[in-house]
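**Student:** Please find one structure pasted underneath; my questions will follow.
The values are calculated or read from the model by the stated rules, or taken from the named source; none is laboratory data. Quantities reported herein were computed from a predicted structural model and do not represent experimental measurements. Methodologically, a virtual Cβ is constructed for each residue, glycine included, from the backbone with ideal geometry; neighbour enumeration extends over all protein chains shown. The accessibility values were calculated without ligands, DNA or RNA, using every heavy atom of the protein model including side chains. Shrake-Rupley method; radii C 1.70, N 1.55, O 1.52, S 1.80 Å.
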Amino acid sequence: MSVRSILIHPDPRLKKLCDPVAVISPEIGKLAEDMLETMYDAPGIGLAAPQVAVMKRLLVMDCVKDPETPPRPMVLINPVITWSSEDRSTYEEGCLSIPEQYADVERPAAVRVRWTGLDGREAEEEFKGLWATCVQHEIDHLDGKLFIDYLRPLKRQMITRRMEKLKRERARG
Ligand code: K1U
Ligand code: ZN
């Protein structure tokens, strides 16, 4: 397993629609393993393939925060939201591609998601709470959407400028 580098906004790859995974090959298995390691290393609670520059519809997540509860690493291939609740919830979201920037985003409080697992089997589950927020945030990444796209233009611009500065500083070393 290896930790891959995470793209930082602004990057054109973070704005693109990702392609469905056609075949669950050993390369897809290795990508999922690397993404889980990258997510835990960051640390984060989710990660989508385009964040590691792979333009495929695959995401990983583990929203277990309680150290007493065993981890629940999940790999979702070609995920689709099949139902969204009417009631909404607001969570202060962050993003590993937009480090140290947080903002309130309102989304459906619960969603049902269907996906294919690494074993090739179809699965469907209802997510609530942080899991629901996270899976929607990650599916947005597969559609080229970032949490800052939900914010007012001025706030989005301010965050984008901060990220441009961060990238210039990192490039200078
Ligand atoms: O997609 C990503 O960039 C990962 C992102 C997922 C996410 C966070 C918050 C709301 C929705 C989706 C992160 O994991 S940011 C880091 C983070 O939230 C966290 C880090 C350490 C411990 C707990 C949370
Ligand atoms: Zn993100």
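**Student:** Scan Leu154, Leu96 and give me the residue that is aliphatic (A, V, I, L, M), without any contact (Cβ under 8 Å) to a residue 60 or more places away in the chain and either within 23 Å of His9 (Cα to Cα) or open to solvent by 80 Å² or more (accessible area, probe 1.4 Å) (or both).
**Tutor:** Leu154
**Student:** Moving on. Among the numbered conditions (1) within 13 Å of ligand 1 (Cβ to nearest atom); (2) farther than 15 Å from Asp143 by Cα, tell me where Asp34 comes up short.
**Tutor:** Every condition holds for Asp34 apart from (1).
**Student:** Could you please find all residues in the stretch 48-60 being at negative phi and either touching a Lys or Arg at 6+ places or on another chain (Cβ under 6 Å) or touching a residue at least 24 places away in the same chain (Cβ under 8 Å) (or both)?
**Tutor:** Ala48, Ala49, Pro50, Gln51, Val52, Met55, Lys56, Arg57, Leu58, Leu59, Val60
**Student:** I'd like the full set of residues that are over 19 Å from Leu17 (Cβ atoms), more than 15 Å from ligand 2 (Cβ to nearest atom) and not β-branched (Val, Ile, Thr), limited to the stretch 32-65.
**Tutor:** Ala32, Glu33, Asp34, Leu36, Glu37, Tyr40, Asp41, Lys65
**Student:** Could you grab me the full set of residues in the stretch 115-135 that are in a loop (DSSP other than H, G, I, E, B) and either within 16 Å of ligand 2 (Cβ to nearest atom) or surrounded by 12 or more Cβ atoms within 10 Å (Cβ to Cβ) (or both)?
**Tutor:** Gly117, Leu118
**Student:** Only one residue in Leu118, Leu130 is of a type outside the set (Lys, Arg) and within 13 Å of ligand 1 (Cβ to nearest atom), so which one is that?
**Tutor:** Going through Leu118, Leu130 in turn, just one is of a type outside the set (Lys, Arg) and within 13 Å of ligand 1 (Cβ to nearest atom): Leu130.
**Student:** Need the failing condition index for Thr82 against (1) in contact (Cβ under 8 Å) with a residue 12 or more places away in the chain; (2) open to solvent by 50 Å² or more (accessible area, probe 1.4 Å); (3) within 30 Å of Arg152 (Cβ to Cβ), just the number.
**Tutor:** Thr82 satisfies all of (1) in contact (Cβ under 8 Å) with a residue 12 or more places away in the chain; (2) open to solvent by 50 Å² or more (accessible area, probe 1.4 Å); (3) within 30 Å of Arg152 (Cβ to Cβ) except (3).
**Student:** Looking only at the stretch 29-62, which residues are within 12 Å of the chain's Cα centre (by Cα), open to solvent by 10 Å² or more (accessible area, probe 1.4 Å) and among the small types (Gly, Ala, Ser)?
**Tutor:** If the condition is that a residue be within 12 Å of the chain's Cα centre (by Cα), open to solvent by 10 Å² or more (accessible area, probe 1.4 Å) and among the small types (Gly, Ala, Ser), then Gly44 is the only one that fits.
**Student:** Here's a follow-up. With respect to Leu76, is the statement that it is near ligand 1 (Cβ under 10 Å from one of its atoms) and within 19 Å of Val23 (Cα to Cα) true?
**Tutor:** No, not satisfied.
**Student:** If you check Ile45, Ile8, Ile28, which single one turns out to be at negative phi and in contact with a Pro (Cβ under 9 Å, 6 or more places away or on another chain)?
**Tutor:** Ile8
**Student:** For His141, work out the one condition from (1) open to solvent by 70 Å² or more (accessible area, probe 1.4 Å); (2) modelled with pLDDT of 95 or more it doesn't fulfil.
**Tutor:** So the condition that His141 fails would be (1).
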